[in-house]
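The values are calculated or read from the model by the stated rules, or taken from the named source; none is laboratory data. No experiment lies behind these values; they were computed from the predicted model shown. No Cβ is skipped: glycine too gets one built from the backbone with ideal geometry, and neighbour counts run over all protein chains shown. These accessible areas exclude ligands, DNA and RNA; they are computed on the full protein's heavy atoms, side chains included. Shrake-Rupley method; radii C 1.70, N 1.55, O 1.52, S 1.80 Å.
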Amino acid sequence: MSPPASALYVPTYASRSPYLTPAEYLASPTGVNVSQLVVGGTPQQNADALSQTIARASSLADDYCYQILGATLDTQAGRYRVSNEGTLKVPLAFTPVIQVTNVSVGPQPSMMASLPDLSNVWVGRKVTEIPILAMSFPMPGATSRTASGYLYAAVTYVNGYANSVLTAATNGGATTILVDSTLGVLPGMQLTIHEPGVSERVNVLSVTGNTATLAAPLVNLHSAGANVSALPEAIKQAVVLLTSALIKTRGSEALVMSSMRGQPAKTAKVEDGGLEEIDLAVEWLSRHRRTQ
């Protein structure tokens, strides 16, 4: 019996960090009281409840945008026609595209081979172009008609914004940072270490494992758990608003988003300001929404 055929579309990610830390939320001018998220609860229970609410708000932002906004590793696969110029154009479902890590092509799904050299692969905003005629490696099952017919292709690519946390405290003057994931982090990229009062932008010189070497020493000391991200400020602000809206609901199912295109399906238990915050969050997120 032959092995089962597996889908290649399932996204993967090294870590799923919320788009905001509790410290960032508490430093935002929300006017929301978070000391009684768990009625009669301990400070730790309320802190845990805030973290869980921020995670839900981050997920809501993903749902509205029809894609995971933080960096993920995805594979786009299908059967595509070779153009008259001898290139294979593979549309990529998720943006922004950061890096293509692997390309496999072949005349049949069982006869695909990975390109050993990706230097001639063009990575566009939403489309990857593979130069079939310029390929110098043998393709199993290829014929003289391959260059003008159809080919199966699978493109594995990193998309979304790098989003991680420091796993170790850093001192001012340090030239490296250790994070829980460097997915989506590339040399030359600018990141922001988000920590109230000491936030700073850094430029990445190189990446090895979960360590990013910086182009210049850090100015400030940073605590473990601080958010390190390439997320646009609009996304982070939207998550602040969504967190506030969720806190202003009564009960875990009081706010049911209808893809966030209109008002919540249930509104009876939403405090004053909750709906306005949802509307503002939608405005902040609209330019990052994927067209289906």
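Summary table
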quantity	calculated
Filter result for VAL219 (over 23 Å from LEU285 (Cα atoms) and at pLDDT 95 or above)	yes
Inter-residue pairs, beta-carbon under 8 Å, first modelled with pLDDT of 95 or more and in the stretch 189-203, second in a strand (DSSP E or B) and of a type in the set (Ser, Thr, Tyr), 6+ apart	LEU191/SER229; THR192/SER229; HIS194/SER229; SER199/THR192; GLU200/THR192; ARG201/THR192; VAL202/THR192
Only listed residue being among the small types (Gly, Ala, Ser) and open to solvent by less than 10 Å² (accessible area, probe 1.4 Å), chosen from ALA212, ALA224, ALA174	ALA212
Candidates SER119, SER110, filtered to the one that is of a type in the set (Ser, Thr, Tyr), modelled with pLDDT under 95 and either in a strand (DSSP E or B) or more than 25 Å from the chain's Cα centre (by Cα) (or both)	SER110
Extreme residue, surrounded by the most Cβ atoms within 10 Å (Cβ to Cβ), among residues of the stretch 16-49 that are among the aliphatic types (A, V, I, L, M) and closer than 22 Å to ASN210 by Cβ	LEU20
Conditions (1) in a loop (DSSP other than H, G, I, E, B); (2) out of contact with any helix residue (DSSP H, G or I) (no Cβ under 8 Å at 6 or more places or on another chain); (3) under 30 Å from ALA55 (Cα atoms); (4) at pLDDT 95 or above; number of the one not met by ARG125	(4)
Unique residue being of a type in the set (A, V, I, L, M, F, W, C) and either closer than 30 Å to LEU92 by Cβ or at pLDDT 95 or above (or both) when the list is LEU275, LEU242, LEU255, LEU246	LEU242
Those residues of the stretch 50-88 which are touching an Asp or Glu at 6+ places or on another chain (Cβ under 9 Å), under 23 Å from GLU24 (Cα atoms) and open to solvent by 10 Å² or more (accessible area, probe 1.4 Å), in sequence order	ILE68
Failed condition for TYR13, given (1) exposed (fewer than 14 other Cβ atoms within 10 Å of the Cβ); (2) modelled with pLDDT under 90; (3) not charged (D, E, K, R)	(1)
